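Visitor: Pasting a structure here, questions to come.
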Amino acid sequence: MQKFQRLYEVLREEGIATEENTWTPEAADPEMVARVHHVAYVDNFVRGVLDPRAQRRIGLPWSPGLVRRTFRAVGGTVLTARLAVEHGLAVNTAGGTHHAHPAFGSGFCILNDLAVAARSVIREGLARSVLVFDLDVHQGDGTAAACADDPSVFTASVHCGDNFPFRKQRSDLDVVLPAGTGDRAYLEAVSTALDQALERGRPDLVLYDAGVDVYAGDRLGRLNLSLAGIVERDTLVLKRLRATGIPTAAVIGGGYDADIDALADRHAILHRVASNL
């Protein structure tokens, strides 16, 4: 949890986040969340009465603060999507809780901000077709499950196959990479996947999950990207999307390291690249 505050501090220190370009989101409302999640699951989470097995599957201890943070984080991704439609590109300082399924949470993810944001902007008439382009090292299984029967949301996931979740879902496009994949092979796979996703999904908004757990030193990653490789990845994705004119909302996704300063610095790559476009 500490990485989120430290990331914002880094962006302020570097002059990337300023009073003029920073917005504070409202918490997602129940109607918004119910477009993706079962009401009974959400209600049990809010009241702190999930059964112990369900809470362990999430991997975070329940508290009122966790409830507040969860709904505010989802609201942040919805706001990022709205701002992307308005400005062409917007980047969140959180988001990417792609393991949350409609009826349960998993892998540190409680509510699926990507699916909620996609459904919300479509409901609001801001987009007709949304591409979720997920480059977290782990498959976006919850997003795939939540959007499986929704033709207006195209899900694409480029991930390490030999990693969590061990029971994968079927995205509209899955690119499965072997453990140890390095910069060149990874970037080629991402480039091809992005072309395919844009061709097949025909989106007028992209939600980009820029997880940094692809980094070679990540505790939960199992891929072998360098920091330069992550910079090149985010540059490739954002430049190509800017060239198409498709509004893009980016979230930071996963990243796991006991060194919070180093982790925040890796997450800040996304914002640095975006600010230089």
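Visitor: Do the conditions hold for Gly229, that is, is it assigned to a loop (DSSP other than H, G, I, E, B), modelled with pLDDT of 95 or more and surrounded by fewer than 21 Cβ atoms within 10 Å (Cβ to Cβ)?
Guide: The answer is no for Gly229.
Visitor: Name the one entry in Leu114, Leu198, Leu207, Leu131 that is over 13 Å from the mean Cα position of the chain (by Cα) and of a type in the set (A, V, I, L, M, F, W, C).
Guide: Leu198
Visitor: Can you give me the number of residues within region 235-261 that are surrounded by fewer than 23 Cβ atoms within 10 Å (Cβ to Cβ), of a type outside the set (Val, Ile, Thr) and either part of a loop (DSSP other than H, G, I, E, B) or in contact (Cβ under 8 Å) with a residue 24 or more places away in the chain (or both)?
Guide: The qualifying residues number 11.
Visitor: For Gly95, work out the one condition from (1) small (Gly, Ala, Ser); (2) part of a loop (DSSP other than H, G, I, E, B); (3) over 25 Å from Leu277 (Cα atoms) it doesn't fulfil.
Guide: Unmet condition: (3).
Visitor: Pick from region 82-100 the residues that are buried (at least 24 other Cβ atoms within 10 Å of the Cβ) and not polar (S, T, N, Q): which of them is farthest from the chain's Cα centre (by Cα)?
Guide: So the residue we want is Ala84.
Visitor: Take residues that are of a type in the set (Val, Ile, Thr) and surrounded by 24 or more Cβ atoms within 10 Å (Cβ to Cβ) and tell me which of the strands (runs of 3 or more DSSP E) falling wholly in region 113-209 contain 2 or more.
Guide: 130-134, 153-160
Visitor: Residue check: is Leu173 over 30 Å from Ser226 (Cβ atoms) and modelled with pLDDT of 95 or more?
Guide: no
Visitor: Would you be able to say whether some residue in region 53-61 is surrounded by fewer than 20 Cβ atoms within 10 Å (Cβ to Cβ), of a type in the set (Gly, Ala, Ser), in contact (Cβ under 8 Å) with a residue 24 or more places away in the chain and closer than 24 Å to Ala148 by Cα?
Guide: Looking for residues that are surrounded by fewer than 20 Cβ atoms within 10 Å (Cβ to Cβ), of a type in the set (Gly, Ala, Ser), in contact (Cβ under 8 Å) with a residue 24 or more places away in the chain and closer than 24 Å to Ala148 by Cα, one finds at least one in region 53-61, hence yes.
Visitor: Within region 230-272, track down each residue that is more than 19 Å from the chain's Cα centre (by Cα) and either closer than 21 Å to Leu79 by Cβ or among the small types (Gly, Ala, Ser) (or both).
Guide: Ala243, Gly245, Ala258, Ala262
Visitor: So the check is Cβ under 6 Å with 6+ separation or different chains; which pairs have a first residue in region 66-80 that's more than 18 Å from Val121 (Cβ to Cβ) and a second one that's assigned to a helix (DSSP H, G or I)?
Guide: Here the result reads Val67/Val46, each pair linking region 66-80 to a residue that is assigned to a helix (DSSP H, G or I).
Visitor: For a quick check of your reading of the model, give me the residue pairs whose first member lies in region 26-41 and is over 15 Å from Val67 (Cα atoms) and in contact (Cβ under 8 Å) with a residue 60 or more places away in the chain, whose second is loosely packed, with under 14 Cβ neighbours inside 10 Å and not small (Gly, Ala, Ser), with beta-carbon atoms closer than 8 Å and at least 6 apart or on different chains.
Guide: Partner pairs satisfying both residue conditions: Arg35/Arg123.
Visitor: Still on this model: Looking at (1) assigned to a loop (DSSP other than H, G, I, E, B); (2) without any contact (Cβ under 8 Å) to a residue 40 or more places away in the chain, find the lone condition where Leu223 falls short.
Guide: Just one mismatch for Leu223, condition (2).
The values are calculated or read from the model by the stated rules, or taken from the named source; none is laboratory data. All values derive from a computational prediction rather than experimental measurement. Because the Cβ atoms are built from the backbone with ideal geometry, glycine has one as well, and the counts that use them run over all protein chains shown.
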